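Some notes on the structure that comes next.
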Amino acid sequence: MEAFLLSTGIVALAEIGDKTQLLAFCLAAQFRRPIPIVLGIFTATVANHAFAGAVGSFITGLMGPDVLRWVLGLSFLAMAAWILVPDEIDEDAQPTAKYGVFAATVIAFFLAEMGDKTQIATVALAARFDSLLAVVAGTTFGMMLANVPAVYLGKSVATKIPLKLVHGIAAAIFAAIGIATLLGAGAGLGV
């Protein structure tokens, strides 16, 4: 349960103001069909985060506990710094609905999520916790918590959220996990 809850919270906070959330705003404004957009976001996120989680689990098997602890600790600290860098989305790179709103959303969201903060966080979380399903479910739920309101409520709500505060909280959580990992928290888990 810890892996699910921590994954949900970290990704939900990290996603606020992220380029994929900005993409969700743009998709909603362009297509004005929330149900296929939400289903597309869900489908793309499950596929992307399942892949990322599998990579994280694979990495765990390659490294010894001491090396893994340092790699994960430093990765979480790097994520803490990276989360403070605001994202943008290229307005010219708007997806078109050539194959339908759902397909356009799946493709655009999957590609936008490649190498994104939340995908990298999923890799690190899957390496940290020995529960791939709980991590992928948690990161997917976190993405949906952040993006479904973006699809339904639009940019007007986003301008009322203090992004610096949210990013600061997310960065502090990543930093705390990184420091705790470097200090040996989770040693019983093999990390």
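The values are calculated or read from the model by the stated rules, or taken from the named source; none is laboratory data. Owing to the predicted nature of the structure, the values given are computational and were not obtained by experimental measurement. Ideal geometry is used to build each Cβ from the backbone, glycine not excepted, and the neighbour counts take in all protein chains shown. Areas reflect the complete protein model, heavy atoms only, side chains present, ligands, DNA and RNA absent. Shrake-Rupley method; radii C 1.70, N 1.55, O 1.52, S 1.80 Å.
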Most to least accessible of MET79, MET144, MET1 (protein chains only, probe 1.4 Å)
MET1, MET144, MET79
Return the FRET efficiency for the residue pair LEU145, ALA29: r is the Cβ-Cβ distance, R0 is 30 Å, and the value is rounded to the nearest 0.05.
0.90
Go through LEU23, LEU6 and list them by solvent-accessible area, largest first, probe radius 1.4 Å.
LEU6, LEU23
Log entry: pair-distance distribution for segment 1-41, C-alpha pairs binned every 5 Å from zero, whole % per bin is 6, 21, 22, 18, 17, 11, 4, 1
Leaving out ligands, DNA and RNA but keeping every protein chain, what accessible area does ARG33 have, in Å² rounded to the nearest 10, with a 1.4 Å probe?
130
